[in-house]
Every structure is written in C-alpha cells, then in structure tokens.
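Structure record follows, encoded as structure tokens.
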Amino acid sequence: MLVPRQFKAVFDSPTGKVPGKHVLLLARANGLDHPRLGMVIGKKSVKLSVERNRLRRQIRETFRHAQDHLAGWDIVVVVRKGLGDLDNDELAEQFVKLWKRLARNRPDPQADAQGARSQHA
C-alpha cells in the first residue's frame, strides 16, 4: 500500500485484527486477487533506521512466502517497542504464526453465500 487513503481505510474499519508480541496486524478486504502490505514502524518504537529497515525486510520476506493464503486483504503491520530486539529467526517465526492466524480469521465469501442460501430455503 502506498497512499495514506489506503492506510486510513484499514485503520478506520479493520475486518481482521491479530495482536502479537510487540506488533499488531490490521486487515481489511480489498476486493483484489492479491494482498497488499503496509507497515508503520515509528522512530519511537525502533530508534535506529538500520533496525527499522531490517524489520521491513524481514516482514516483507515472510509476507512474500505467505501471500498465497492472504489474497484479498489490505494488511497494515503496526510495530511496537521491543520488536527490534528480536533476531531475524525469532522475527520470522513470529510473523509466520501471525500470517497463519490472519489467514484463519479470513471471512470466506463462498461460505457467506452458502449460508445465506440455506437460510432462505
């Protein structure tokens, strides 16, 4: 995600929330066949730019591996204090779990359509 309007849409009405240790994932359906990722990593949370950039690279890499399961989401990762203290392996392990939890919380449009049909029958 690139423009503030897209971030604002996710912040204003997230349909999925996954809290983790030192991080919060907010997600919203985007109507596309691919997921989009945005990150909020403030200087207050992670002081050094080297560390902020390392976090961005690691988060993007885990997202790249999980994006097949996350199709149709706009996802914003909000980093909190303490995430920069994790090493790359711990960070990757945490985000693999977070992506799986988010994929599980995903509303299935086909299930909603079938549920609506069964109620009318």
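The values are calculated or read from the model by the stated rules, or taken from the named source; none is laboratory data. Quantities reported herein were computed from a predicted structural model and do not represent experimental measurements. Here the Cβ positions follow ideal geometry from the backbone for every residue, glycine too, while neighbour counts run over all protein chains shown.
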Residue match in segment 44-53 (condition: modelled with pLDDT of 95 or more and in contact with a Leu (Cβ under 6 Å, 6 or more places away or on another chain)): no
Selection count, segment 53-73, where residues are closer than 21 Å to residue 87 by Cβ, touching a strand residue (DSSP E or B) at 6+ places or on another chain (Cβ under 8 Å) and not β-branched (Val, Ile, Thr): 4
First in segment 11-37 and outside any strand (DSSP E or B), second anywhere and modelled with pLDDT of 95 or more and polar (S, T, N, Q), Cβ under 8 Å, 6 or more apart: 21/94
Extreme residue, farthest from residue 31 (Cα to Cα), among residues of segment 50-106 that are polar (S, T, N, Q) and not in a loop (DSSP other than H, G, I, E, B): 88
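Does at least one position in segment 66-74 carry a residue that is among the aromatic types (Phe, Trp, Tyr) and modelled with pLDDT of 95 or more? Lay out the reasoning, then the answer.
Taking segment 66-74 and keeping what is among the aromatic types (Phe, Trp, Tyr), we get 73.
Next, from what is left, pick out any that are modelled with pLDDT of 95 or more: none.
No - not one qualifying residue is present in segment 66-74.
Which one of these is modelled with pLDDT of 95 or more, of a type outside the set (Ser, Thr, Tyr) and either farther than 19 Å from residue 100 by Cα or touching a helix residue (DSSP H, G or I) at 6+ places or on another chain (Cβ under 6 Å) (or both): 2, 37?
Numbers: 2 fails: modelled with pLDDT of 95 or more.
Unique residue meeting the criteria: 37.
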Residue 42 vs. criteria in contact with a strand residue (DSSP E or B) (Cβ under 8 Å, 6 or more places away or on another chain) and loosely packed, with under 15 Cβ neighbours inside 10 Å: yes
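Quick check on segment 49-60. Is at least one of its residues among the hydroxyl-bearing types (Ser, Thr, Tyr) and exposed (fewer than 13 other Cβ atoms within 10 Å of the Cβ)?
Restricting attention to segment 49-60, the residues satisfying the condition of being among the hydroxyl-bearing types (Ser, Thr, Tyr) are 49.
Checking which are exposed (fewer than 13 other Cβ atoms within 10 Å of the Cβ) leaves us with 49.
Yes, some residue in segment 49-60 is among the hydroxyl-bearing types (Ser, Thr, Tyr) and exposed (fewer than 13 other Cβ atoms within 10 Å of the Cβ).
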